[in-house]
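To start, the structure under review is shown below, and the notes come after it.
What follows draws every value from the coordinates through simple rules; no lab data is involved. If you're wondering where the values come from, they're calculated on a predicted model, not measured in any experiment. Virtual Cβ from ideal backbone geometry, glycine too; neighbours counted across all protein chains shown.
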Amino acid sequence: MRRHIIAAVSAAALSLGTLSIPAPASANPAIIAAWIVTAGVGGLMTGAVVTHANQPTTVNYVVPEQQAEQPVVVQPQPQCHVAQERVNGVWRQVRICQ
C-alpha cells in the first residue's frame, strides 16, 4: 500500500511540475514544442514510477526435499556438582565430576 501512495504522490508532483512551467501565452512553435516535450518526458517518468511500484516483492524459493533424519544418540553426562575448595591458599568454586 505504501508503494502505491509513493507512486501517486510522485505522479502528482511530476504532473504539477510540468504544468507549472511558466510560458508566455503565444503561439510560438518553439514554446509549444518545448511544452509538449516536457509533458511527454513527465508522462514517461510517471509511467516508470507507477510501473515499478507495482512489482512483486516476494521471491518464491524451492525448498529441497528433506532427507530422512538420523536418530539422535544422547551420551550420558557424568554427575557433577560445584563445591568450594582451597586452591593455592585461596577459596575457589570448583566443579567436581564423578
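On the beta carbon distance between Ala8 and Gln77, with R0 = 41 Å, the FRET formula returns roughly 0.05. Computed from the C-beta positions of Ser15 and Tyr61, the FRET efficiency with R₀ = 30 Å rounds to 0.15. Taking 7 Å steps out from each Cα toward its Cβ at Ala33 and Gln98 produces label points 10.2 nm apart. Peptides 73-85, 28-40 ranked from most to least packed, by the mean per-residue count of other Cβ atoms within 10 Å: 28-40, 73-85.
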